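See structure below.
The values are calculated or read from the model by the stated rules, or taken from the named source; none is laboratory data. The structure displayed is predicted, hence computed values, not measured ones. Backbone-built Cβ (ideal geometry, glycine too); neighbour counts: all protein chains shown. Quick note on the areas: whole protein, heavy atoms, side chains included, nothing else; ligands and nucleic acids left out. Shrake-Rupley method; radii C 1.70, N 1.55, O 1.52, S 1.80 Å.
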Protein chains: 4
Amino acid sequence: MTKFVDLNSDLGESFGVYTMGMDSEVMKYITSSNIACGWHAGDPLIMDITVKEAIKNNVAVGAHPGYPDLMGFGRRNIEITPAEARAYMLYQVGALRAFTEANNIKLQHIKLHGAFYNTTCLKPDLADAIVDAIAETFGKNIILLALSGSYILKRGQEKGLRIAHEVFADRAYNTDGTLVSRKLPGAIIHDKDLAIQRIKRMVKEGKITTIDGTDINIKSDSICVHGDNPEAVSFVKTIKENLQADGIEIKSLANFI
Amino acid sequence: MTKFVDLNSDLGESFGVYTMGMDSEVMKYITSSNIACGWHAGDPLIMDITVKEAIKNNVAVGAHPGYPDLMGFGRRNIEITPAEARAYMLYQVGALRAFTEANNIKLQHIKLHGAFYNTTCLKPDLADAIVDAIAETFGKNIILLALSGSYILKRGQEKGLRIAHEVFADRAYNTDGTLVSRKLPGAIIHDKDLAIQRIKRMVKEGKITTIDGTDINIKSDSICVHGDNPEAVSFVKTIKENLQADGIEIKSLANFI
Amino acid sequence: MTKFVDLNSDLGESFGVYTMGMDSEVMKYITSSNIACGWHAGDPLIMDITVKEAIKNNVAVGAHPGYPDLMGFGRRNIEITPAEARAYMLYQVGALRAFTEANNIKLQHIKLHGAFYNTTCLKPDLADAIVDAIAETFGKNIILLALSGSYILKRGQEKGLRIAHEVFADRAYNTDGTLVSRKLPGAIIHDKDLAIQRIKRMVKEGKITTIDGTDINIKSDSICVHGDNPEAVSFVKTIKENLQADGIEIKSLANFI
Amino acid sequence: MTKFVDLNSDLGESFGVYTMGMDSEVMKYITSSNIACGWHAGDPLIMDITVKEAIKNNVAVGAHPGYPDLMGFGRRNIEITPAEARAYMLYQVGALRAFTEANNIKLQHIKLHGAFYNTTCLKPDLADAIVDAIAETFGKNIILLALSGSYILKRGQEKGLRIAHEVFADRAYNTDGTLVSRKLPGAIIHDKDLAIQRIKRMVKEGKITTIDGTDINIKSDSICVHGDNPEAVSFVKTIKENLQADGIEIKSLANFI
């Protein structure tokens, strides 16, 4: 049986005159883009340009809403209520969808950003508010991309959403399937060969070795990759080639979820 | 032949803990609401609440995008390019539409706010960018509400949009159909009886007396009214009663445009 | 021996066209104002106007810096680093001080706002960063006003700052001297007579009965009062009259700290 | 008689995770820095870091306030009132000065940014508001750096401010001493040898050839240079060496104004 996996990357993170990311380079290798929606990064012009660039590269488009914190790039936790989580998500996804429609494509998925992602994947009250709002507003065709095995995906499945499990090439895992905090030693996998082995095992066997050495089951519909610098882009290319050489087909989520 | 007219008001202009406008009061009398989209006023929670309140009051919902200038309430002109005009409009209308969809209603119309309205109604390059983006993105069912007789409406009509001509109850007009600047004497009609006479004549005869005393033709699909204070709300009630007593039917734009 | 106490209130919380608070009313009764610095509330025009109004009412001026969160009014916690705490405080206090200097008065004190206050009063790493930056920048003449008995005041005293202990008229206390969270029952003292008794006892005896019924020692250099609505303003007047009738002199911090 | 000139550059224009400019490179050659104050660019952490870097490189520090328009980098005109011009300048300069004081140096000068500079240098009502506020607040020791020969400098001189005339290495001039708009052909001097000749003539002879070929008088206390990219930085080095080789001493404004 052929295995499929999607490669996703956060794009459209420039803002005004500020440039971030090598979007047009990394677009050559990925299958799905998470486009910033103007709160933690991105602005309306950048969103429009990035959607156009994704289309040109045959990359599927997702919305990537974040906290209202441009100064902190959406990485700092802000204490928000479920009503705020719902409204902040709706606002940003709606805004991005105007650009997918203006450019005649469908919005494929929603992936929350940074601290918004970390918090809502795991906190039931926020996760429920997000999932319910997606189901009511954007319908059951849109895909929710979130931390593999997380609460928010269980809730999404219950509500009839299409869901996709995201894994990370360069991050260590705890035995409960969460990521090891970046503040702890060993959180980042610097050895690229090891990272590729781990990805392949996640995709093919559905297993990952956690930071304490035990093996856990993990679902991997999409691998998060980065395009911040030439080395990162080159690593994406390597990942892709390794997976393909191993008989794994790389395609965007909507094709197999 | 029965005459129809819509009564529209700018709503949802609160922000965070800041309250503005007597939305729930003025909603009793109007037929269309222009809901702020978070840039010059409004925030995601306010947008959601205001859409719900409009539904409860059987008031149609429009998007009311403005300049990125909360500190100036979108009233100060900012020099923007056509690409920015397009993208800023798309972003905000898309954001608001997420809330109309979350609440199971259709977005009826788009009306730009403040300096964004004043500038884009009259400047062809900005107006074209706005109209084309509406046509491509939100389709030909949505109504563009703008200054009666303005360039942007001509362009809208050419592009097949549904268009609605807006008139102002309390403002003096120049002979070219533009509003007399608020900075000039006589710009505001303070005499309420006179204002009502003028509205009735605009709706029934399609005529208005300009500031220099000549009569011009004017189309009036919708009358802009205000709900900032008890006196303003009471004046909206008076306008409505006077129009109805005169056999004019008050209904929302989508019913007759 | 005569007892002194200061009455402080958060002012200048309007923003752009949005009005908040009855500043000119509450200014008649208080001795110190905490003026918002444009991040959680306030803007440069409001800051200038509020400083002028304070001078006219013989009210001392303090800076009231908050988190960068206008949408949440600075009440939501944001995870920040000590370096950010330092820089955010310096920025806002510096900005406000330009207006005290433009209007020829001295900045009397600094009081952090909302979640910035709650977090920095108690977390040593943030508190140290704030205190050290005040000492290095604004010198040892400026007064740090913070939660009575809190860590940040101990640090301030060690560093040679002038410090002032703040108490709350309408809040219940825990036995460790912190405020009972607003989310818990009994957090707010609604009985105004009781509130006044409690204030008098804090000022005269240095004691307060905590939520579990025990008495603790508490220092009270300044009482936080509110001017949000007519009832609140009237309560400030009542507090002032009661304290004065009891022989307590109401004067601004710089006169007795 | 020895001629003096200052080399100034806009620095501290990064924001949050976004990097802009090669500040640490260009600092090696310039004598004065204009540090962004958080409105059009910069944030409190960046301001603190940039002041420290300036000190390390023996570069004088000025405040560089701009319009409240991060998305447009302060380059788009916004219609503001004199009261807003005054308050926006005070706010930002006050904020930056907190960082010069925290780092034990004096603020040398104020130079407005982008559209705020272009508009206020020439419009008397805005210029007067700015100059008067500087004089009242920051005293007569601070230097106002603005377009050579502009109205704002005349006003500054009348009010007793120290003033400095700024010239541009790479820009064409109109016969009234204003810069040729960037939208017009010939606005930018691309020929670097010509640019250097023009600078030398401005500094040594006080003359410049305008775009229509006539010579006008021009005062040049400071030359605006750029550090956006390696080529720009290298050009700054070349300018400096050429001026020094010609016997012109490069030093910061406070040393000779």
Would you tell me the mean number of C-beta atoms belonging to other protein chains that fall within 10 Å of each C-beta in B:13-22, as a whole number? 5
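Arrange the peptides B:4-16, D:145-157, A:166-178, B:211-223 so that the one whose residues have, on average, the most other Cβ atoms within 10 Å appears first. It would help to have the intermediate numbers written out before the result.
Working: B:4-16: 24.9, D:145-157: 21.8, A:166-178: 18.3, B:211-223: 16.3.
The peptides rank, most packed first, as B:4-16, D:145-157, A:166-178, B:211-223.
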Contact order normalised by length for region B:144-228, with contacts defined as Cα pairs under 8 Å and 6 or more residues apart; what percent is it? 31
Through the Karplus equation 6.51 cos²θ - 1.76 cosθ + 1.60, θ set to phi - 60°, convert the phi angles of region D:202-219 into ³J(HN,Hα) values in whole Hz; use x for Gly and Pro. 4, 6, 8, 9, x, 10, 9, 8, 7, 5, 9, x, 8, 9, 10, 7, 8, 8
Quick one: 3J(HN,Hα) in Hz for region B:167-174, Karplus 6.51/-1.76/1.60 with θ = phi - 60°, rounded, Gly and Pro as x. 10, 10, 5, 10, 10, 7, 10, 7
What are the residues whose amide H is under 5 Å from the amide H of C:ALA63, where those residues sit 5 or more places off or on another chain and H is modelled from the backbone? C:ILE35, C:HIS109, C:ILE110, C:LYS111
Scan around C:TYR173 for amide H atoms under 5 Å from its own, H built in the peptide plane at 1.01 Å from N, and keep only partners 5 or more places away or cross-chain. C:VAL180, C:ILE211
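For region A:56-173, what does the alpha-carbon gyration tensor say about shape, rounded, prolate or oblate, given a ≥ b ≥ c as the root eigenvalues, a/c under 1.5 as rounded, and a/b over b/c as prolate?
Rounded, because the longest to shortest axis ratio a/c is under 1.5.
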For region B:93-107, 3J(HN,Hα) per residue [Karplus equation, 6.51 cos²θ - 1.76 cosθ + 1.60, θ = phi - 60°, Hz, x = Gly/Pro]: 5, x, 4, 5, 4, 4, 7, 5, 5, 4, 9, 6, 10, 8, 6
Spatial separation of Cα centroids for region A:48-88 and region D:4-69, in angstrom: 30
Chain C: calculated mean residue ellipticity at 222 nm from DSSP helix runs of at least 4, using -39500 (n - 2.57): -12000 deg cm²/dmol
Counting other chain Cβ atoms within 10 Å of each Cβ in B:70-77 and taking the mean gives 6
Evaluate the distance, in nm, between pseudo-label points positioned 7 Å from the Cα of A:LYS52 and of C:THR209 along their respective Cα→Cβ axes. 7.1
Between their Cα atoms, which of D:LYS111/D:LYS200; B:LYS183/D:LYS140; A:LYS52/B:LYS123; A:LYS52/A:LYS183 are more than 30 Å away from each other? B:LYS183/D:LYS140; A:LYS52/A:LYS183
Once both label points are put 7 Å beyond Cα along the C-beta direction, the A:ARG182-B:ASN104 separation in nm becomes 4.2
Calculate the spin-label point distance for B:GLU25 paired with D:LYS154, positioning each point 7 Å from the Cα along the beta-carbon direction, and give it in nanometres. 5.2
Determine, from the Cβ-Cβ distance of D:ARG201 and B:THR175 and an R0 of 45 Å, the FRET efficiency 1/(1 + (r/R0)^6), rounded to the nearest 0.05. 0.25
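Quick check: net charge around A:ASP215, other residues with Cβ under 15 Å of its Cβ, Lys/Arg +1 and Asp/Glu -1?
Working: positive: A:ARG198, A:LYS200, A:ARG201, A:LYS204, A:LYS207, A:LYS219; negative: A:ASP176, A:GLU205, A:ASP212.
Charge balance in the 15 Å sphere: +3.
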Taking the Cα centre of region B:179-236 as origin and charging only Cβ (+1 Lys, Arg; -1 Asp, Glu), how large is the dipole, in debye to the nearest 20? 140
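Rounded to the nearest 5, what is the percent of antiparallel bridges among the DSSP beta bridges in chain C? Let's see the in-between values first.
On the way: 6 of 34 bridges.
For chain C, the DSSP antiparallel bridge percentage is about 20.
Please give me the summed charge of the neighbours of A:LYS28: other residues whose Cβ is under 14 Å from its Cβ, Lys and Arg +1, Asp and Glu -1. Intermediate results must be reported in sequence, preceding the final value.
Values: positive: A:LYS56, A:LYS237, A:LYS240; negative: A:ASP23, A:GLU25, A:GLU53, A:GLU241.
Spelling it out: positives minus negatives among the neighbours equals -1.
Applying 1/(1 + (r/R0)^6) with R0 = 35 Å to the Cβ-Cβ distance of A:ILE216 and C:GLU79, what FRET efficiency is obtained, to the nearest 0.05?
Numbers: r = 28 Å, r/R0 = 0.81.
Efficiency, from the Cβ-Cβ distance: 0.80.
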If I build a Gaussian network model for chain B, linking alpha-carbon pairs within less than 10 angstrom, which residue out of B:HIS109, B:HIS40, B:HIS190 has the largest mean-square fluctuation? B:HIS190
Using the C-alpha atoms of region D:3-255, what convex hull volume per residue, in cubic angstrom, is computed? 117
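Which FRET efficiency value, to the nearest 0.05, is calculated for C:ASP246 and A:LYS140 with the Förster distance at 56 angstrom and r the Cβ-Cβ distance? Mind dumping the intermediate values first?
Values: r = 67 Å, r/R0 = 1.20.
It comes to 0.25.
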May I ask for the distance between the Cα centers of region C:163-187 and region B:176-245, given as a whole number of Å? 54
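Give me the net charge of D:GLY62's neighbourhood, meaning all other residues with Cβ under 15 Å from the Cβ of D:GLY62; Lys, Arg count +1, Asp, Glu -1. Before the final figure, lay out each step's value.
Working: positive: D:ARG97, D:LYS106, D:LYS111, D:ARG162, D:LYS251; negative: D:ASP6, D:ASP10, D:GLU13, D:ASP23, D:GLU53, D:GLU101, D:GLU166, D:ASP221.
My count for the surroundings of D:GLY62 gives -3.
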Please list, ordered by chain and number, the residues whose modelled amide H lies under 5 Å from the amide H of A:HIS165; skip anything fewer than 5 residues away on the same chain. A:ASP221, A:SER222
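Could you compute how fast the protein assembly as shown diffuses translationally, taking Rh as the Kirkwood radius over C-alpha pairs and applying Stokes-Einstein at 37 °C with viscosity 0.692 mPa s? Give it in µm² per second. Could the numbers behind the result be given before it?
On the way: Rh = 31.3 Å.
Stokes-Einstein gives a translational diffusion coefficient of 105 µm²/s.
Carbon-plus-sulfur fraction of the accessible area of the protein assembly as shown, 1.4 Å probe, in percent?
Values: 19260 of 38940 Å².
The computed percentage sits at 49.
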